[in-house]
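Q: Input: one structure, supplied below.
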Amino acid sequence: MAIQSNQIANLRVDYSLKSFDKNDLKSDPFEQFAIWMEEAINAEVNEPNAMTLATVKPDGTPSARIVLLKGFDDRGFTFFTNYQSAKGQELSKNGNVALVFCWLELQRQVRIEGVATQISPAESDAYFHSRPLGSQIGAHASPQSSLISGREELEKSYSHFKELFSKEPIMRPEHWGGFMVNPHKIEFWQGRSSRLHDRFSFALYKKNWEAVRLAP
């Protein structure tokens, strides 16, 4: 093995870019998230809307992958997927999820815990038709998470649907749409020097958000 274990163990960054004090914290976690997301976009963070989505398998073990946030408001955080995919099937059986945003350029992360539910067909339709044509075709062509024989099978399926939709309007497949994560916990983490990071955690109590500071 070319890389030595101590090379990984000795990887360190002392975070000193920003601080995050109680006086900086908004009382509404969605407002705070909006500020941090805007700062991530303005800082040209690579894929600022990329987030880890952790779901629960039927056997109780966790499963995680990166998906893209496509909207948020004071109800929750929205992403889109194939409902028949592994994550789609896991969510249909257990909506408990966790999300993590990691913005290394700003030495920040946001952790979210909540429950995911499908959004309305009308909302899914609206987003689907805003996507590039190739992405719309891809939603039909890819049997996400299913075993395939090779890339040729995928490309053949894509060509088939591309030809089909050159002759008739493209519609959102019923097995593709959005989920909204309704959070009950949102944590904001700002890296600080000597690992004395700033952490503020919001929790939902009787429809009101309460924030506490956590030790790093």
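The values are calculated or read from the model by the stated rules, or taken from the named source; none is laboratory data. What you see is a predicted model; the values in this text were computed from it and never measured. Note that we place each Cβ from the backbone using ideal geometry, even for glycine, and neighbour counts take in every protein chain shown. These area figures cover heavy atoms from the full protein model, side chains too; ligands, DNA and RNA do not enter into them. Shrake-Rupley method; radii C 1.70, N 1.55, O 1.52, S 1.80 Å.
Q: Sum -39500 (n - 2.57) across every DSSP H segment of at least 4 residues in the chain, then divide by the residue count to get the 222 nm mean residue ellipticity, nearest 500.
A: Details: 6 runs with 58 residues, N = 216.
It comes out at -8000 deg cm²/dmol, rounded to the nearest 500.
Q: Keeping to pairs on different chains or 8 or more places apart, tell me how many lysine pairs in the chain have Cα atoms under 22 Å apart.
A: Eligible lysine pairs with Cα atoms under 22 Å apart amount to 16.
Q: Relative contact order for the chain using alpha-carbon pairs under 8 Å, separation at least 6, rounded to a whole percent? Don't skip to the answer; put the middle values down first.
A: Details: 342 pairs, mean separation 52.3, N = 216.
About 24 percent, as a whole number.
Q: Quick one: Debye curve from the C-alpha atoms of region 143-211, no solvent, what's log10 I(q)/I(0) at q = 0.16, 0.19, 0.26 Å⁻¹?
A: These q points yield log10 I(q)/I(0) values of -0.75, -0.88, -1.18.
Q: Another question about this same structure. Given a 1.4 Å probe and heavy atoms of the protein chains only, how would you sort V13, V97, largest accessible area at the top? Before the final figure, lay out each step's value.
A: On the way: V13 80, V97 10 Å².
These residues rank, largest area first, as V13, V97.
Q: What is the sum of charges around D74, taking Lys and Arg as +1, Asp and Glu as -1, for the other residues whose C-beta is under 11 Å from the C-beta of D74? Don't jump to the answer; show the numbers that get you there.
A: Values: positive: R75; negative: D28, E31, D73.
Neighbourhood net charge equals -2.
Q: Trypsin sites (Lys or Arg not before Pro), restricted to region 137-216: which are DSSP loop and have at most 13 other Cβ atoms within 10 Å? Don't jump to the answer; show the numbers that get you there.
A: Details: sites: R151, K156, K162, K167, K185, R192, R195, R199, K206, K207, R213; in loops: K167, R192, K206, K207.
Loop-located and lightly packed - K167, K206, K207.
Q: Here is a follow-up. With the contact rule set at Cα under 8 Å and sequence spacing of 6 or more, what percent relative contact order holds for region 56-111? Kindly include the intermediate steps, with their values, before the conclusion.
A: On the way: 41 pairs, mean separation 14.5, N = 56.
Answer for region 56-111 is 26 percent.
Q: Report the extension gain between Q89 and I8 in nm, rounded to one decimal, defined as 0.36 nm multiplied by the number of residues separating them, less their alpha carbon distance. Display every interim value, and only then the final one.
A: Values: separation 81, 0.36 × 81 = 29.16 nm, distance 3.58 nm.
Contour length minus the Cα-Cα distance gives 25.6 nm.
Q: What's the longest piece of the chain with no exposed GluC sites (Glu not before Pro), counting a site as exposed if DSSP puts it in a loop and it has at most 14 other beta carbons within 10 Å?
A: Details: sites that count: E44, E174.
That would be 45-173.
Q: Let me ask something else about it. Convex hull over the Cα atoms of the chain, averaged projected area in nm²? Intermediate values should be presented prior to the final figure.
A: Numbers: hull surface 64.3 nm².
Reported value for the Cα convex hull: 16.1 nm².
Q: Right, another one. Between K57 and A122, what is the spin-label point distance in nm, taking each point 7 Å from the Cα along the Cα→C-beta axis?
A: Inter-label distance under the simple model: 3.9 nm.
Q: Here's something else I'd like to know. Rounded to the nearest 0.05, what FRET efficiency do L17 and K70 give with R0 = 22 Å and r taken as the Cβ-Cβ distance? Could you check?
A: 0.20
Q: Around E90, with a cut-off of 15 angstrom between Cβ atoms, what is the net charge of the other residues, counting Lys and Arg +1 and Asp and Glu -1? Let's see the in-between values first.
A: Working: positive: K57, R65, K87, K93; negative: D59.
Residues near E90 contribute +3 overall.
Q: Could you please report the charge total around G191, scoring K, R as +1 and D, E as -1 over all other residues with beta-carbon less than 13 angstrom from its beta-carbon?
A: Details: positive: R12, K18, R108, R192, R195, R199; negative: D14, E105, D198.
Neighbourhood net charge equals +3.
Q: Quick one: Debye curve from the alpha-carbon atoms of region 171-215 only, equal weights, vacuum; give me log10 I(q)/I(0) at q = 0.14, 0.20, 0.33 Å⁻¹ to two decimals.
A: Each listed q maps to, in turn, -0.54, -0.72, -1.12.
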